[in-house]
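Please read the structure below before turning to the comments.
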Amino acid sequence: MTESSPNLAHRSASRRIKAATRRIRELTSIAYALASTSHPYMAHIIPMRRCNLSCTYCNEFDDFSNPVPTPEMLRRIDDLARLGTSVITISGGEPLLNLELEQIIARIRHHGRIAGMITNGYLLMPDRIASLNRAGLDHMQISIDNVQPDEVSKKSLKVLDKKLQMLAQYADFHVNINSVVGGGIKHPQDALTIARRALELGFTSTIGIIHDGDGQLKPLGEEERRIYYEVKALGKRGYSRFNHFQEAIVHGKPNEWRCRAGARYLYVCENGLVHYCSQQRGWPGTPLSQYSRQDVKREFLTEKSCAPNCTISCVHQVSYIDHWRAPQTSKVFPGLPPEPVQDKELAHIQLS
Ligand code: SF4
Ligand code: SF4
């Protein structure tokens, strides 16, 4: 399918207008977060645990479950809006397997919130992209792990490039491509190839760091470090500018920061429970329907023992809003540190 010149001109103008209004909504949400600490800034919500892929490092999918019924998902979106959540990002499993996903996105936008999703991109087609446009999707992130598929991951540029071209042609929403570098990836230079292709197609690019699976934060090797800084420099206009925490990880050092999970960031699983993050499920494990501003206030001031070695980029980024204020006055020990950095850590990095 190709588009005529008037259609392309119209699409380009429409994209610019949507991008400008999205930017205003984002700046407003940040101002709201700076003005008040009593609401979440971002939530990840899972409408579907099933995935069409099976990356060997991932602990966040199954191959059998049904989608959460849409009326229940809409209630959960209403609950997140009740708490004042500014950004709601749909994750999985693979969200595009849920054929009613657009209703959930539309409900997020109905509440005036910013709607995002994380996908492996395999199921994207022009019609589906058009329907995501109509639903009001604001952001999409696709993680690409390597150039050629291998036994670890098939989230590969070679397989996904056609999907990226479709997005470049049809998507009205912002697209970010995340590449990775670190112990689990065979060819560090792949991250550079992926980032360059992302920018060439008009997307933003970020890079995540993964570790060897022996339980320690390890500095990146020389080649990995070089690639990391090169990709970071390429993507400096993207979200990577908020990834200062990765500097310590590059050198294998723990971070000093205040994790605001359970307060500024919520992870809502397929069972409708609120968890700190994808890797600390069960803490606090409260049903979203019962989650209150009191819970948000308590968790805002609660130190998490897993924070120094944490690599979960979205929580670092969200917590940065409040890095200068409100020291934490109580402490919890989720997962009993130091939790081994095994495959599940890798999964986290890919997904967030
Ligand atoms: S990392 Fe993403 S694509 Fe891979 S199995 Fe997990 S949910 Fe599916
Ligand atoms: S793993 Fe990271 S994001 Fe999750 S609770 Fe611990 S410090 Fe916070």
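The values are calculated or read from the model by the stated rules, or taken from the named source; none is laboratory data. From a predicted model like this one, the values you see are computed outputs, not experimental measurements. So basically every Cβ, Gly included, is an ideal-geometry build from the backbone, and we count neighbours across all protein chains shown.
Quick look at the values:
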{"quantity": "When residues of segment 311-330 are limited to those that are over 11 Å from R258 (Cα atoms) and not polar (S, T, N, Q), the one surrounded by the fewest Cβ atoms within 10 Å (Cβ to Cβ)", "calculated": "C314"}
{"quantity": "Cβ pairs under 6 Å, 6+ apart, first in segment 299-321 and under 22 Å from H139 (Cα atoms), second among the aromatic types (F, W, Y)", "calculated": "V315/Y265; H316/F245; Q317/F242; V318/Y41; V318/Y265"}
{"quantity": "Test: I104 is within 23 Å of A198 (Cα to Cα), surrounded by 23 or more Cβ atoms within 10 Å (Cβ to Cβ) and among the β-branched types (V, I, T)", "calculated": "no"}
{"quantity": "Any hit, segment 23-35, residues being within 16 Å of ligand 1 (Cβ to nearest atom) and either under 26 Å from E299 (Cα atoms) or touching a helix residue (DSSP H, G or I) at 6+ places or on another chain (Cβ under 7 Å) (or both)", "calculated": "no"}
{"quantity": "Selection within segment 122-147 - over 26 Å from S29 (Cβ atoms) and within 16 Å of ligand 1 (Cβ to nearest atom)", "calculated": "Y122, L123, L124, I144, D145, N146"}
{"quantity": "Residue in segment 62-88 that is surrounded by the fewest Cβ atoms within 10 Å (Cβ to Cβ), counting only those that are touching a strand residue (DSSP E or B) at 6+ places or on another chain (Cβ under 7 Å) and free of Cβ contacts under 8 Å to residues at least 60 places away in the same chain", "calculated": "F64"}
{"quantity": "Selection status of L123, touching a Leu at 6+ places or on another chain (Cβ under 6 Å) and farther than 14 Å from I46 by Cβ", "calculated": "yes"}
{"quantity": "Evaluation of S91 against (1) more than 16 Å from ligand 2 (Cβ to nearest atom); (2) buried (at least 23 other Cβ atoms within 10 Å of the Cβ); (3) closer than 24 Å to A33 by Cβ (one fails), failing number", "calculated": "(1)"}
{"quantity": "In segment 121-166, the residues that are of a type in the set (A, V, I, L, M) and closer than 20 Å to I207 by Cα", "calculated": "M140, I142, I144, V147, V152, L157, V159, L160, L164"}
{"quantity": "Residue that is surrounded by the fewest Cβ atoms within 10 Å (Cβ to Cβ) [pool: residues in segment 250-279 that are within 17 Å of R49 (Cβ to Cβ) and polar (S, T, N, Q)]", "calculated": "N271"}
{"quantity": "2 or more residues modelled with pLDDT of 95 or more and within 19 Å of the chain's Cα centre (by Cα): qualifying strands (runs of 3 or more DSSP E) within segment 258-352", "calculated": "265-268, 273-275"}
{"quantity": "Test: residue in segment 61-81 that is away from ligand 1 (no atom under 11 Å from the Cβ), farther than 28 Å from S156 by Cα and hydroxyl-bearing (S, T, Y)", "calculated": "yes"}
{"quantity": "Residue ID - surrounded by the fewest Cβ atoms within 10 Å (Cβ to Cβ), chosen from residues in segment 163-193 that are of a type in the set (A, V, I, L, M, F, W, C) and part of a helix (DSSP H, G or I)", "calculated": "A168"}
{"quantity": "All positions within segment 23-55 that are among the hydroxyl-bearing types (S, T, Y) and under 17 Å from L123 (Cα atoms)", "calculated": "S54"}
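One line per residue, one yes/no per condition, for (1) among the β-branched types (V, I, T); (2) within 16 Å of ligand 2 (Cβ to nearest atom):
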site: S14; (1), (2): no, no
site: L27; (1), (2): no, no
site: Y32; (1), (2): no, no
site: M42; (1), (2): no, yes
site: N59; (1), (2): no, yes
site: D62; (1), (2): no, no
site: V68; (1), (2): yes, no
site: L80; (1), (2): no, no
site: S86; (1), (2): no, no
